[in-house]
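As structure tokens, the structure follows; a few thoughts come after it.
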Amino acid sequence: MQQYLAVRFRTLALVVVAVCNLGATHPADAQPAARTWRIGFLSLVAEDLEQYKPWLAAFRDGLRQLGYVEGQNLVLEQRYAAGRIDRLPALAAELAIEQRLPTSGSHRGWAEGGLLMSYGTDFVAMFRHGAVVVDKILKGASPATLPVEQPTKFELVINAKTAKAIGLAIPPSVLVRADALIQ
């Protein structure tokens, strides 16, 4: 599972965790107040990795081309896991709690790490089913003849501690649907 997650995070290279409107004000001059956006930028790699610098520069350049300029209408909050995949959920949660933003991840580890919730594949069920596939092969089935299967069990995990920290009340109708509630 750890290897699977590492591949997913390396593939993504970055996760934009949250965007919020800070409602920044400018001197009154009969113009509407400009918005200042805050983007949480989360990366698996170390900030000083040479290979990574052009990627971040391209991200910033893309934002500039779309009209978002750091120091004017954009604040880029950056967090780096320095190659430690286990740090990503906590870094994401830190960004979310600082900005009081609801956040979500794609597997249980994100909610356990501090994000508000996660919804995704139930890895325990998926690995249990992997044993069924292995059994078929051990009993003589050719791997080439076995179908490619998708996960069939998903889980919703809600972190009540994070909800409280960001001042969010989770509706009871959502709580009863959760597979797990982290207190």
If you scan the range 50-87, which residues turn out to be closer than 24 Å to G105 by Cβ and of a type in the set (K, R)?
R79, R84, R87
Of the conditions (1) more than 22 Å from T103 (Cα to Cα); (2) out of contact with any Leu (no Cβ under 7 Å at 6 or more places or on another chain), V45 clears all except one; give me its number.
(1)
Residues that are under 22 Å from L49 (Cα atoms) and of a type in the set (D, E, K, R), drawn from the range 73-105:
E77, R79, R84, D86, R87
Condition first: out of contact with any helix residue (DSSP H, G or I) (no Cβ under 8 Å at 6 or more places or on another chain), at pLDDT below 85 and buried (at least 22 other Cβ atoms within 10 Å of the Cβ). Now tell me which residues in the range 89-123 satisfy that.
L95
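Which of the following residues is modelled with pLDDT of 85 or more and basic (K, R): R8, R60, R38? Can you show your working first?
Values: R8 fails: modelled with pLDDT of 85 or more; R38 fails: modelled with pLDDT of 85 or more.
Result: R60 is the single residue among R8, R60, R38 that is modelled with pLDDT of 85 or more and basic (K, R).
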Suppose we keep only residues that are assigned to a loop (DSSP other than H, G, I, E, B) and touching a residue at least 12 places away in the same chain (Cβ under 8 Å) within the range 167-181. Which one would you say is nearest to E98 (Cα to Cα)?
G167
Taking the range 55-67 and keeping only residues that are farther than 17 Å from A82 by Cα and in a helix (DSSP H, G or I), one is left with A57, A58, F59, R60, D61, G62, L63, R64, Q65
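Residues checked against (1) among the aliphatic types (A, V, I, L, M); (2) without any contact (Cβ under 8 Å) to a residue 12 or more places away in the chain:
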position	(1), (2)
V132	yes, yes
K139	no, yes
P143	no, yes
T152	no, no
E155	no, no
Q183	no, no
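Which one of these is closer than 30 Å to R38 by Cβ, surrounded by fewer than 18 Cβ atoms within 10 Å (Cβ to Cβ) and of a type in the set (A, V, I, L, M, F, W, C): V132, V69? Working first, answer last.
Details: V132 fails: closer than 30 Å to R38 by Cβ.
From the options V132, V69, the qualifying one is V69.
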Check off (1) touching a residue at least 60 places away in the same chain (Cβ under 8 Å); (2) in contact with a Ser or Thr (Cβ under 6 Å, 6 or more places away or on another chain); (3) small (G, A, S) for G120 and give me the number that stays unchecked.
(1)
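The values are calculated or read from the model by the stated rules, or taken from the named source; none is laboratory data. In this text the structure is predicted, and so the values were computed from the model without any measurement. Note that we place each Cβ from the backbone using ideal geometry, even for glycine, and neighbour counts take in every protein chain shown.
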